[in-house]
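Below: the structure, in structure tokens.
The values are calculated or read from the model by the stated rules, or taken from the named source; none is laboratory data. All of these numbers come straight from a predicted model, not from anything done at the bench. Don't worry about glycine lacking a Cβ; one is built from the backbone with ideal geometry, like all the others, and counts go over all protein chains shown. We work out accessible area using only protein heavy atoms, side chains counted, and drop any ligands, DNA or RNA first. Shrake-Rupley method; radii C 1.70, N 1.55, O 1.52, S 1.80 Å.
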Amino acid sequence: MNDDDAKLVTRFDDIYNLPDCTRYYQAMHAAGFQNAQHAVRAFKVAARELCRQRNTGALHVLDFASGYGIGSLLLRHDLSLAQVLDRYQGSEFSGASPSRVIEWDRDWLLQNRKPGNIASICAVDVADNALDYGAKTGIFDVAYAIDLQSDSPSDGMAEILRRCDLLIEVGSVIHLLPDALKRLLDLTAGRLPWIITSPIRGNESGESVAMMQESGMVVEELPIPPFPHRRFLDGAEQERATRLVGERGHDPDGYESTGAYHAQLYLSRPEHESGRSIRWDDRD
Ligand SMILES: C[S@@+](CC[C@H](N)C(=O)[O-])C[C@H]1O[C@@H](n2cnc3c(N)ncnc32)[C@H](O)[C@@H]1O
């Protein structure tokens, strides 16, 4: 993969690390972002099955490349992605200071809290301000700004990562960072988590899949049809994505040809926990 391809959907770099989520969610609203809604529906099914198999009522979750925490937010609150994205369209948000937005969001999220089977959420990202927003609003219990692709975790962070049952990611970053994935797999080798991610088609990586398999995991592409991630911003994005999905053996017809990036879901489970097939249309 060349550098250009690795940056497949990172046109929003300048708004990933602001003191609050307003501008990011306004941009996602404008771009027709949908990935998190589809992905978290499957994350919830996986979480229920994992609870059943590990005979536990509550899971420790790691949200990798969490950004402001949309995956975690939808996992532990009774809110839809549309409700979240619509919220920041109001003019009061555009003019508000980050501390005011954090205060409003903390209250709003408290009112809509539905922890279900989630015991705790730890977030990892390189975007320290976004993590700070997520921690202060109660989306994350703990958050670490670290680039695991190049750096090892502290002892304290390693301890938290080791107890993780379920690693979630809305997006593709873990598929693009084999060294970070290797660190996480090595750290958790004694008790591997389930890993469920929603990479954009064309971003899924054979190297990362092989690494998980070598660590004793069974990796499945879920039997859920690809779903829209967000609209292309221009023809150049569409052309590049179409080329890339073609190179990975996907047919763009009916997917990228409709004008949007599409994503699919991958689940990796330790071999001894991979026997049972899961009903992905199971609703809570
Ligand atoms: C496309 S955004 C997705 C954020 C979030 N998952 C969402 O759906 O809103 C990509 C995220 O990857 C993060 N990221 C980039 N490089 C990273 C790295 N080396 N380790 C962890 N996160 C990284 C960015 O800071 C950003 O938050």
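Given H placed on each backbone N at 1.01 Å, which residues far from VAL218 in sequence or on other chains put an amide H within less than 5 Å of it?
Amide H to amide H, under 5 Å and 5 or more residues apart or across chains, VAL218 pairs with ARG269, GLU271.
Using a simple charge model, +1 on the beta-carbon of Lys and Arg, -1 on the beta-carbon of Asp and Glu, nothing else, what dipole does the chain show about its Cα centre, in debye to the nearest 20?
Charge dipole of the chain: 1000 debye, to the nearest 20.
Which is the longest run of the chain containing none of the trypsin sites (Lys or Arg not before Pro) found in DSSP loop states (not H, G, I, E, B) with at most 16 other C-beta atoms within 10 Å?
Result, exposed sites excluded: 12-162.
Tell me, what is the percent relative contact order of the chain, built from C-alpha pairs under 8 Å that lie six or more residues apart?
Once divided by the residue count of the chain, the mean separation gives 22 percent.
Taking the Cα-to-Cβ direction at ASN129 and at ARG231 and moving 7 Å from each Cα, how far apart do the two end points lie in nm?
2.7
How big is the dipole moment of segment 179-218 about its Cα centre under a simple scheme where the beta carbon of each Lys and Arg is +1, that of each Asp and Glu is -1, and everything else is neutral? Debye, nearest 20, please.
That gives segment 179-218 a dipole magnitude of about 140 debye.
Take the alpha-carbon centre of segment 181-251, take the same for segment 47-88, and report the distance between them in whole Å.
After rounding, the separation between the Cα centres reads 19 Å.
Pull out a ≥ b ≥ c, the square roots of the eigenvalues of the alpha-carbon gyration tensor of segment 144-188, then state rounded if a/c is under 1.5, prolate if not and a/b is larger than b/c, and oblate in the remaining case.
Cα axes put segment 144-188 in the oblate bin.
Have a look at HIS250, MET157, GLN111 and report the one farthest towards the positive end of the charge dipole of the chain, computed about the Cα centre with Cβ charges (Lys/Arg +1, Asp/Glu -1).
Result: GLN111.
With +1 on each Lys and Arg Cβ and -1 on each Asp and Glu Cβ, and nothing else charged, work out how big the dipole of segment 217-256 is about its Cα centre, in Debye to the nearest 20.
Using only the charged Cβ atoms, the result is roughly 140 debye.
First select every other residue whose beta carbon is under 14 angstrom from the beta carbon of ARG54; then total the charges, Lys and Arg +1, Asp and Glu -1.
My count for the surroundings of ARG54 gives +3.
On full extension of the chain, what length is gained from GLN149 through ARG279, given 0.36 nm per residue of separation minus the C-alpha to C-alpha distance?
Contour length minus the Cα-Cα distance gives 43.4 nm.
For segment 110-219, report the accessible area per residue in Å² (1.4 Å probe, heavy atoms, rounded to an integer).
Accessible area per residue, segment 110-219: 39 Å².
For segment 87-163, run through the chymotrypsin sites (Phe, Trp or Tyr not before Pro) and keep only the ones in DSSP coil with at most 14 other Cβ atoms within 10 Å of their Cβ.
The qualifying sites: there are none.
Farthest toward the dipole's positive end in the chain, which of SER97, ILE200, PRO223, given Cβ charges of +1 (Lys, Arg) and -1 (Asp, Glu) about the Cα centre?
The Cα lying farthest towards the positive end belongs to PRO223.
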